[in-house]
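Here is the structure we will look at, set down as structure tokens.
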Amino acid sequence: MEIDDEAPLSDSVTIAISLSPSSSSSYSSSSSSCSASVVPHPFSPLQQTAESPPFRPLRMSESGGMLSLGGWSHDGERLRFVDAEGNEWGNVVNRFNQLATVKGGRNGHQEVVKWSDFGSCIGMRETAEFGEEVLRAMRGGRRDWKRDITKSELHSYWCRMTDPWLDSRILLFFDLCDRNMDGRIDEREMKQVISLISPINKLAIKKKEAEEYAALIMEALDLQHRGYIQASEFEALCKAILPKGSSTISYKKNHGQQQEPISKAEILFRSYWRRAWIIGLWLMICFALFTWKFIQYSHRAAFQVMGYCLSTAKGAAETLKFNMALILLPVCRNTITWLRNNPGLNSVIPFNDNINFHKVIAGGIVIGVILHGGTHLACDFPRISGSDRSVFRQTIAANFGYQQPSYFQILSTTEVASGIAMVVLMMIAFPLATKWPRRQSPSLPRSVRKVTGYNTFWYSHHLFVPVYALLIVHSMFLFLTDNLVEKTTWMYIAIPVLLYAGERIIRAIRSGFSEVEILKVSLYPGKVLSLKLQKPKGFRHKSGMYIFIQCPQISPFEWHPFSLTCGPEDDYLSVHIKTLGDWSCQLYSLFEEAILTGLKQYPKIYIDGPYGASSQDHIKYDIVVMVGLGIGITPFISILKDIATRLKKSSSNHAACGEGSLEKIPLKAYLYWVTREQSSFNWFTDVMKEIADTNQKQAVVEVFNFLTSVYQEGDARSALITIIQSLYQAKYGIDIVSRTPVRTQFGRPNWFNIFSKLARRHRGARIGVFYCGPMTLARELEKLCTKFSTKTNTIFVFHKENY
């Protein structure tokens with residue numbers, strides 16, 4: 001399927017709506033990649049009031065018939081009454097058999113289901129009320145429509161709902177809206193249907209809004225002011241607005257595109273070479289240190305007593321020294337933020353993966369502890385206590401005061417006791433730092449969930465302080481040497497410990513002076529807290545950065561990271577905090593109480609930062625794709641604001657960059673915001689309006705909102721919402737869901753289609769894909785980046801936010 005390279009990247013049908021014989025207007029409706037035009041016909045213009053903007057009506061043909069849309073009447077994707085997948089007739093029969101009871105009648109005994117189970121039978125268990133309305137419409141609204149359903153009746157209803165002819169399904173939809181079944185729909189009936197479908201789609205539509213939307217449909221179709229609309233008019237509206245099913249672009253048919261496919265090995269190398277060389281270097285150093293100590297102790301006198309167990313333990317110990325030093329560097333955030341400003345270093349070192357590297361090193365420490373401690377406990381110590389006395393005297397007796405110790409005497413020594421204590425503390429801290437306990441996964445037993453969570457992770461992770469103290473003690477008391485030159489642990493850890501300690505001291509001092517004044521507090525639906533803070537003197541940040549926040553009223557020790565949602569040139573700082581854990585819940589409650597009780601003073605807030613994040617790398621790309629799930633949009637809000645500010649400067653003949661910055665404006669930026677709650681769009685209404693205003697001059701940013709609580713476009717349960725949305729936006733330029741100029745699409749995005757269109761529009765480009773949200777979608781997007789980078793000559797580079 002050929003696609004216009006300049007078309008919007010939403011899955012949309014562009015429909016020309018006739019305004020007059022000589023003028024037209026267009027608007028978009030999602031979920032298709034085809035375009036179609038409605039043929040204009042002469043008509044009498046609508047009477048307008050001075051207060052209302054001119055409405056752009058859909059027109060009927062002069063004969064009152066339906067407008068021709070190029071053979072779209074036969075379309076199984078538009079206006080579906082059943083889900084596209086998993087709802088074949090066989091599945092319906094299975095559900096019927098599970099719910100059916102045997103009843104006697106004129107035709108003998110037969111299986112029937114209750115009328116109230118109709119929704120469950122056809123796969124609408126969650127929207128049974130809508131299923132009942134469909135049944136009422138198919139039974140003609142008769143008084144006895146609430147009667148049992150036989151299998152043959154169910155099959156006839158099923159055939160009607162799945163009729164491949166669009167006209168038939170539209171007529172069924174008309175009957176559903178026609179409450180009294182008189183062949184007409186008036187404004188009252190339309191309002192009733194709107195009130196029915198809004199809770200089904202989890203939309204907050206007030207009574208006055210339902211009245212306004214019903215009047216809007218009547219205004220569009222009832223041009224003769226009869227007070228009702230008929231089936232032919234309703235059918236034309238549905239055909240003009242309801243989307244056609246989304247289609248997938250095949251890259252097997254090249255459409256004349258000259259591609260140079262890249263091998264998967266090459267794209268993997270391009271995507272991961274920076275990680276690969278860092279991990280490779282780390283493994284080489286670990287292997288070299290292990291080998292060096294292994295060989296060294298293979299030539300010591302103690303080798304005659306303990307053999308290769310000693311060499312293995314000492315080799316592992318040397319890697320432990322190195323890793324215990326190295327593990328501190330990835331969490332020196334100030335240092336990393338400073339280093340990543342160097343373009344040369346940032347191009348070869350993956351600073352965005354600092355936390356991942358921290359975890360990898362932790363895995364190396366676990367392996368080292370198992371080898372070192374396990375070999376000592378299971379092999380070395382038993383051999384010392386059980387070795388031949390003559391061999392013991394000739395080799396290592398001097399190190400033990402010429403008395404051969406027992407196994408338990410060895411365990412009671414300072415070096416062994418300190419080592420065991422370190423292992424115990426690590427066994428507490430390491431499991432609590434893994435994903436499931438840290439996020440209180442529902443898969444964990446309830447008793448375990450009570451003692452886990454972010455707070456438990458945070459406090460247990462600070463057991464590293466006694467661990468490093470014990471490490472020093474452990475390294476100074478060694479069985480086999482008194483030579484200080486060989487006691488090298490302090491040499492490994494001195495600089496990293498001093499660097500990390502210095503960072504913590506600087507952070508404590510800086511945050512101690514950074515009690516910020518709270519300028520404004522906003523509480524949004526979904527328990528989202530928005531804080532507008534006074535910008536500290538000398539505070540500079542770039543778009544995509546984040547800060548740490550502390551509330552001493554909750555805890556004087558806990559600091560939590562939050563993305564800045566203000567632009568670099570704003571004279572304030574702002575963050576949006578969603579209550580996802582115990583700390584954020586307490587913070588929300590404190591501010592909620594302060595607002596409700598009218599307190600003059602808000603809880604104290606301290607900040608620390610700013611710190612760099614992967615979103616900063618958007619300046620490396622001319623084409624930027626940002627994907628945020630729910631509150632995951634926050635890292636990209638500051639980027640949008642920054643782009644809007646610099647575009648305004650550019651249009652005013654100023655430098656298109658921030659103060660003292662050489663950052664460029666991307667040629668194109670796409671934002672995909674996916675959320676399950678309509679109220680989420682309230683968080684950044686002003687930003688979306690600002691972007692829409694900026695785009696009228698320079699269309700650099702394209703924003704796509706997806707609301708997953710509403711049934712996918714094309715589903716009968718959301719069809720009327722789609723119609724109202726299109727009419728309202730055509731008249732007022734505002735989306736009824738988000739209340740911004742950005743049109744909201746329903747259901748989950750078709751990421752394959754989105755990447756397909758991006759690849760076709762930006763052939764040969766290098767596109768940065770930035771994501772903030774759960775790992776499930778991160779893996780899917782990363783796979784698509786690799787797939788399309790391999791199959792096309794467009795390169796997609798994936799980045800994920802890690803705090």
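The values are calculated or read from the model by the stated rules, or taken from the named source; none is laboratory data. Everything numeric in this text was worked out from a predicted model, so none of it was measured. Cβ coordinates were reconstructed from backbone atoms using ideal geometry, including for glycine residues, and neighbour counts include every protein chain displayed. Heavy atoms of the whole protein, side chains included, go into the accessibility calculation; ligands, DNA and RNA do not. Shrake-Rupley method; radii C 1.70, N 1.55, O 1.52, S 1.80 Å.
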- Measure of exposure for Phe269: accessible area at 1.4 Å probe, Å² rounded to 10, is 140 Å²
- Task: Order Arg188, Arg761, most accessible first, counting only protein heavy atoms with a 1.4 angstrom probe.
- Result: Arg188, Arg761
- Qualifying trypsin sites (Lys or Arg not before Pro) in region 196-238, DSSP loop, other Cβ atoms within 10 Å at most 15: Lys202, Lys206, Arg226
- Task: Can you send over the solvent-accessible area of Ser412, 1.4 Å probe, protein chains only, in Å² to the nearest 10?
- Result: 90 Å²
- Task: Please find the FRET efficiency linking Arg439 to Lys648, where r is the Cβ-Cβ separation and R0 is fixed at 41 Å, and quote it to the nearest 0.05.
- Result: 0.50
- The simple spin-label model distance between Ala362 and Arg188, using points 7 Å out along Cα→Cβ, in nm, is 6.5 nm
- With every protein chain in place, the accessible area of Met491 for a 1.4 Å probe, in Å² rounded to the nearest 10, comes to 100 Å²
- Note on the structure: The base-10 log of I(q)/I(0) that the Debye equation returns for region 654-803 at q = 0.09 Å⁻¹, one scatterer per C-alpha, is -0.35
- Query: Given N residues in region 448-605, what is Rg(Cα) / (2.2 N^0.38 Å)?
  - Reply: 1.39
- The FRET efficiency for Trp292 and Lys620, from their Cβ-Cβ distance with R0 = 35 Å and rounded to 0.05, is 0.35
- Task: List every residue whose amide H lies under 5 Å from the amide H of Met626, counting only residues 5 or more places away in sequence or on a different chain, with H placed 1.01 Å from N in the peptide plane.
- Result: Tyr670, Leu671, Tyr672, Phe770
- Task: Provide Rg over Rh for region 593-654; use the alpha carbon set for both Rg and the Kirkwood Rh (inverse mean inverse pair distance).
- Result: 1.15
- Mean Cβ neighbour count within 10 Å, used as a protection proxy, ranking 124-137, 395-408 highest first: 124-137, 395-408
- Query: Where the centre of each part is set by its Cα atoms, how far does region 749-793 sit from region 291-306, in angstrom?
  - Reply: 53 Å
- Note on the structure: Once phi for every residue in region 496-509 is put through the Karplus expression 6.51 cos²θ - 1.76 cosθ + 1.60 (θ = phi - 60°), the whole-Hz ³J(HN,Hα) values, with Gly and Pro written as x, are x, 5, 5, 5, 5, 4, x, 4, 5, 5, 4, 5, 5, 5
- Query: Mind checking the dipole of region 677-719: about its Cα centre, +1 per Lys or Arg Cβ, -1 per Asp or Glu Cβ, Debye to the nearest 20?
  - Reply: 60 debye
- Message: As an exercise, identify the trypsin sites (Lys or Arg not before Pro) in region 664-730 lying in DSSP coil whose Cβ has no more than 14 other Cβ atoms within 10 Å.
- Response: Lys664, Lys697
- Message: Let's test the formula: R0 of 51 Å, r as the Cβ-Cβ distance of Phe269 and His462. What FRET efficiency results, to the nearest 0.05?
- Response: 0.85
- So which chymotrypsin sites (Phe, Trp or Tyr not before Pro) in region 551-642 are both in a DSSP loop and have at most 13 other Cβ atoms within 10 Å of their Cβ? Phe557
- Hz values of 3J(HN,Hα) by residue in region 216-221 - Karplus curve (6.51, -1.76, 1.60), Gly and Pro given as x: 5, 5, 5, 4, 6, 10
- For region 720-733, take each phi angle, set θ = phi - 60°, evaluate the Karplus expression 6.51 cos²θ - 1.76 cosθ + 1.60, and give the result in whole Hz per residue in order, putting x for glycine and proline. 5, 4, 4, 5, 4, 4, 5, 5, 5, 5, 5, 8, 10, x
- Query: How many percent of the alpha carbon pairs in region 562-601 exceed a separation of 11 Å?
  - Reply: 69 percent
- Message: Given a 1.4 Å probe and heavy atoms of the protein chains only, how would you sort Trp751, Trp338, largest accessible area at the top?
- Response: Trp338, Trp751
